[in-house]
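Student: What follows is a single structure, and I will ask about it in a moment.
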Amino acid sequence: MRARPPERSGALVSIRSAEPRDVKALVAMCDALNAYSGLPTGRLDPKAYRSALFGKDAFLFAEIAEAEIYDRARPRAAGYVLAHDAFTTDFGERGMYIVDLYVEEEWRRAGVGRRLVEAAAARAKARGGTHLWWASMPGNYAARRFYDSLGASDERIHSHAVFGKAFERLAEGGGRRRNGRAR
């Protein structure tokens with residue numbers, strides 16, 4: 001049995017919508033998730049996050065779990081969920097796609113992840129959504145057990161992504177065609 005870290009006792013964890021002042025902590029936690037997932041770190045741009053979350057054309061939502069510890073002057077971030085609007089053609093319904101869910105290690109198994117997903121679900125519902133959808137790394141069995149406890153179905157799909165030069169080539173090709181005709 002894992003012992004609870006001493007600072008967790010007497011702590012109050014609250015969930016709130018991210019604010020511009022949270023960008024630095026949010027980027028640090030995103031980098032920590034990248035490290036945990038075996039992805040490169042140190043390449044995230046806080047300005048891009050600020051724009052995606054709070055800019056004129058913002059499209060991303062973030063909820064922050066904040067721990068208020070009785071002997072500390074300031075609350076500190078304990079986790080986050082990042083999401084954006086989505087649509088499923090399976091049912092023809094609006095929903096929300098969870099891009100990231102991350103809980104600092106010392107706060108795992110304390111209900112923080114569940115509360116973050118609940119906050120994302122509440123936001124989706126308030127925006128007319130009927131579902132949440134997300135993907136997880138194949139070997140992250142702890143996360144998959146957690147998602148199962150939420151009632152999530154484990155869909156048999158493969159995720160695909162196009163980045164860098166491959167993305168640029170596709171974008172260039174799409175820019176040359178309109179209405180099925182070459183420009």
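No value in this document is a laboratory result; all are computed from the given coordinates. Computed from a prediction, not measured in an experiment: that's the story for all the values here. Every residue, glycine among them, receives a Cβ derived from its backbone with ideal geometry; neighbour counts consider all protein chains shown.
Student: Between R144, R94, R74, which gets the highest mean-square fluctuation from a Gaussian network model of the chain, Cα cutoff 10 Å?
Tutor: Ranking R144, R94, R74 by mean-square fluctuation puts R74 first.
Student: Quick check on the exposure proxy: order R108, R145, R114 from fewest to most C-beta atoms within 10 angstrom.
Tutor: Going from sparsest to densest Cβ surroundings: R145, R114, R108.
Student: Also, I was wondering about something else. For the chain, take the alpha-carbon Rg, divide it by the Kirkwood Rh, and send me Rg/Rh.
Tutor: 1.01
Student: While we're here: For region 66-127, with only Lys/Arg (+1) and Asp/Glu (-1) charged at the beta-carbon, what is the dipole magnitude about the Cα centre, in debye rounded to 20?
Tutor: Here region 66-127 has a charge dipole of around 180 debye.
Student: Let me ask something additional. Run the helix sum for the chain: -39,500 (n - 2.57) per DSSP H stretch of 4+ residues, divided by residue count, reported at 222 nm to the nearest 500 deg cm²/dmol.
Tutor: Computed ellipticity for the chain at 222 nm equals -10000 deg cm²/dmol.
Student: For the chain, which span is the longest to avoid every loop-located (per DSSP) member of chymotrypsin sites (Phe, Trp or Tyr not before Pro) having at most 15 other Cβ atoms inside 10 Å? Before the final figure, lay out each step's value.
Tutor: Numbers: sites that count: F59, Y70, F91, F163.
No qualifying site falls inside 92-162, the longest such stretch.
Student: Taking only Cα atoms and a 10 Å spring cutoff, compute GNM fluctuations for the chain and point out the largest among M96, M137, M29.
Tutor: Highest fluctuation among the options: M137.
Student: What does the net charge come to around A32 if you take all other residues with beta carbon closer than 15 Å to its beta carbon, with K and R at +1 and D and E at -1?
Tutor: -2
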